[in-house]
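Here's the structure, in structure tokens; my notes come after.
Any read-out appearing in this document is the output of simple, stated calculations on the displayed coordinates, not a laboratory observation. As the structure is a computational prediction, the values presented were derived from the model and not from experiment. Here the Cβ is made from the backbone with ideal geometry for all residues, glycine too, and neighbour counts use every protein chain on show.
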Amino acid sequence: MTQRNETSETMSDTDTSDGFEGYKFRVVLLGEAAVGKTSLVRRYTENVFDEEYKQTIGTTFATKDIDVTDTEGSVRKVRLNVWDMGGQSTYRELRRQFMKGASGAIIVYDVTRPETFMAMNNWFESFKEVCPASPVIISANKIDLADIRMVPQEPGLMLRDWFQAEYFETSAKTGDEVNNVFTRIAEVVLEKALSESKSPLM
């Protein structure tokens, strides 16, 4: 696992000089500030959780190599390059730059803050504007805070149907469903890549 700040000029999803032989996919995490995007990435890649909130400045990324079973039962080596983007509006143009070429997105909201749920459509549309064919997964985060939860499951399921996206309820603090979110996005983008590689050339 590696984590560091990057610019688009120094990072390539297709760079083979590192010796990794497998499929590489860039997945972006989107959502309002402080919904827990960085915490989800750190829980997934490092299995740690930091109680203290630290604002993401610009964009950071982490990588994780996993084995993914495709629809035919074959195990494929996959490297996820997970890009964690600051949710502040000042990073809007930077986000557009980093969204380009993304294989998929995980869009996150905080179940204790309805305004982060209300902003989900903006995030979805901004991603689809740049990556119209790339799949999306919804993460309703911070479900460990059940006593102050303000967005119940039902609106999330409506959002799932509206976006035609899969929906997970996650907790970066406890780890609930975090691995499943990233495993599922890896499965979906791998399946898409494999189907496209089998399609006849137009």
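Rank the residues Tyr109, Tyr167 as a footprinting-exposure proxy: fewest other Cβ atoms within 10 Å of their Cβ go first. Please list the in-between numbers first.
Numbers: Tyr109 27, Tyr167 17.
The most exposed by this proxy come first: Tyr167, Tyr109.
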Under the Karplus curve 6.51 cos²θ - 1.76 cosθ + 1.60, θ = phi - 60°, whole-Hz ³J(HN,Hα) for region 110-120, x wherever Gly or Pro sits: 9, 5, 8, 10, x, 5, 6, 5, 5, 7, 4
Net lengthening on full extension, Ile66/Glu125 (0.36 nm per residue, minus Cα-Cα): 18.3 nm
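Provide the percentage of antiparallel DSSP beta bridges, counting only those with both residues in region 20-196; round to the nearest 5. Each step should come with its number before you reach the end.
Numbers: 11 of 32 bridges.
Bridges in region 20-196 that DSSP calls antiparallel: roughly 35 percent.
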Extension gain from Glu115 to Gln164, taking 0.36 nm per residue of separation minus the Cα-Cα distance: 15.5 nm
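Please compute one quarter of the surface area of the Cα convex hull for region 80-200 and express it in square nanometres. Present the calculation step by step, with values, prior to reporting the outcome.
Working: hull surface 31.8 nm².
Result: a mean projected hull area of 8.0 nm².
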Cross-link table Lys64/Lys192; Lys142/Lys192; Lys37/Lys77; Lys64/Lys100, entries beyond 23 Å C-alpha to C-alpha: Lys142/Lys192; Lys37/Lys77
Label-to-label distance, nm, for residues given as Arg76 and Glu51 (7 Å Cα→Cβ offset): 4.2 nm
